[in-house]
């Protein structure tokens with residue numbers, strides 16, 4: 001199954017380079033934002049785009065995440081992220 005291994009490696013490299021959607025992460029994954037058009041609820045504070053975040057779960061169209069200081073952040077579920 002050499003072909004399957006090549007496809008798997010190509011997909012993994014694509015995810016490493018371009019990231020994935022936030023809803024593709026598993027609970028407990030740490031990530032950074034790579035999306036140029038970040039969406040958060042209107043009443044939300046400014047978000048540090050260079051920070052690392054912890055993924056909790058998706059709740060409707062937004063997520064439940066925390067920054068490393070424990071502050072809750074709600075990113076849109078389709079936000080492009082890169083696992084760290």
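Brief remarks follow.
- For the stretch 77-84, the criterion of being surrounded by 12 or more Cβ atoms within 10 Å (Cβ to Cβ), touching a strand residue (DSSP E or B) at 6+ places or on another chain (Cβ under 8 Å) and farther than 25 Å from residue 11 by Cα is satisfied by no residue at all.
- If you go through the stretch 29-45 and keep only what is surrounded by 13 or more Cβ atoms within 10 Å (Cβ to Cβ) and in a loop (DSSP other than H, G, I, E, B), you end up with 29, 34, 35, 38, 39, 40, 44.
- Residue selected from the stretch 46-65 under the condition over 15 Å from residue 24 (Cβ atoms), surrounded by 13 or more Cβ atoms within 10 Å (Cβ to Cβ) and modelled with pLDDT of 95 or more, by the criterion farthest from the chain's Cα centre (by Cα): 64
- Flag if residue 19 is in contact with a strand residue (DSSP E or B) (Cβ under 8 Å, 6 or more places away or on another chain), at positive phi and free of Cβ contacts under 8 Å to residues at least 40 places away in the same chain: no
The values are calculated or read from the model by the stated rules, or taken from the named source; none is laboratory data. Keep in mind that this is a model prediction, so the values were computed, not measured. Cβ: placed from backbone, ideal geometry, glycine included. Neighbour counts: every protein chain shown.
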